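What follows is one structure encoded as structure tokens, with my remarks underneath.
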């Protein structure tokens with residue numbers, strides 16, 4: 001994961017998208033992981049590419065770490081000084097997004113943590 005994050009930031013591209021491996025039913029990876037009994041969740045509503053659905057503990061990882069790596073990947077890519085300077089015309093849009101996603105929800109009594117709101121909890125994902 002760290003190598004992929006480092007590689008993607010070295011590319012200096014304008015856009016990057018990260019996701020958690022999600023073996024969608026009907027795909028070869030789903031069949032392979034199902035046969036190895038590594039799929040932890042059959043609730044298709046959880047198959048979002050943002051939530052882990054595999055038995056990461058059996059692979060020497062854990063779900064919270066995988067979720068944190070996803071958030072870290074986005075932060076490392078989009079918070080790079082060179083990226084920010086190159087896209088400084090987007091500061092107004094970024095500011096509005098931060099306000100809408102984090103600050104205003106916090107002021108209205110929410111967590112203010114956006115889509116990764118449960119990463120600090122000690123309980124693991126489903």
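The values are calculated or read from the model by the stated rules, or taken from the named source; none is laboratory data. None of the values given here were measured: they were computed from a predicted structure. Positions of Cβ are backbone-derived with ideal geometry, glycine not excepted, and every protein chain shown enters the neighbour counts.
Taking region 80-117 as the search range and keeping residues that are under 22 Å from residue 14 (Cβ atoms) and not in a helix (DSSP H, G or I), which one is modelled with the highest pLDDT?
80
Quick one: is residue 53 touching a strand residue (DSSP E or B) at 6+ places or on another chain (Cβ under 8 Å), surrounded by 14 or more Cβ atoms within 10 Å (Cβ to Cβ) and either under 28 Å from residue 10 (Cβ atoms) or touching a residue at least 24 places away in the same chain (Cβ under 8 Å) (or both)? First the steps, then the outcome.
Details: touching a strand residue (DSSP E or B) at 6+ places or on another chain (Cβ under 8 Å): yes; surrounded by 14 or more Cβ atoms within 10 Å (Cβ to Cβ): yes; either under 28 Å from residue 10 (Cβ atoms) or touching a residue at least 24 places away in the same chain (Cβ under 8 Å) (or both): yes.
Spelling it out, residue 53 is indeed touching a strand residue (DSSP E or B) at 6+ places or on another chain (Cβ under 8 Å), surrounded by 14 or more Cβ atoms within 10 Å (Cβ to Cβ) and either under 28 Å from residue 10 (Cβ atoms) or touching a residue at least 24 places away in the same chain (Cβ under 8 Å) (or both).
Can you name every residue in region 1-35 that is assigned to a loop (DSSP other than H, G, I, E, B) and surrounded by fewer than 12 Cβ atoms within 10 Å (Cβ to Cβ)? I'd like the intermediate steps shown before the answer.
Quick first cut of region 1-35, residues assigned to a loop (DSSP other than H, G, I, E, B) only: 1, 11-27.
Correct list: 11, 12, 13, 14, 15, 17, 19, 24, 25, 26, 27.
What pairs come out if I take residues in region 58-79 that are free of Cβ contacts under 8 Å to residues at least 24 places away in the same chain and on the phi > 0 side of the Ramachandran plot and pair them with residues that are surrounded by 15 or more Cβ atoms within 10 Å (Cβ to Cβ) and part of a helix (DSSP H, G or I) whose C-beta lies under 8 Å away, six or more apart or interchain?
Close Cβ pairs (under 8 Å, with a partner that is surrounded by 15 or more Cβ atoms within 10 Å (Cβ to Cβ) and part of a helix (DSSP H, G or I)) do not exist here.
Filter region 56-72 down to residues that are out of contact with any helix residue (DSSP H, G or I) (no Cβ under 6 Å at 6 or more places or on another chain) and part of a loop (DSSP other than H, G, I, E, B) and give me whichever is surrounded by the most Cβ atoms within 10 Å (Cβ to Cβ).
61
Any idea how many residues of region 36-50 are in contact with a helix residue (DSSP H, G or I) (Cβ under 9 Å, 6 or more places away or on another chain) and either in a helix (DSSP H, G or I) or surrounded by 15 or more Cβ atoms within 10 Å (Cβ to Cβ) (or both)?
Number satisfying all stated conditions: 4.
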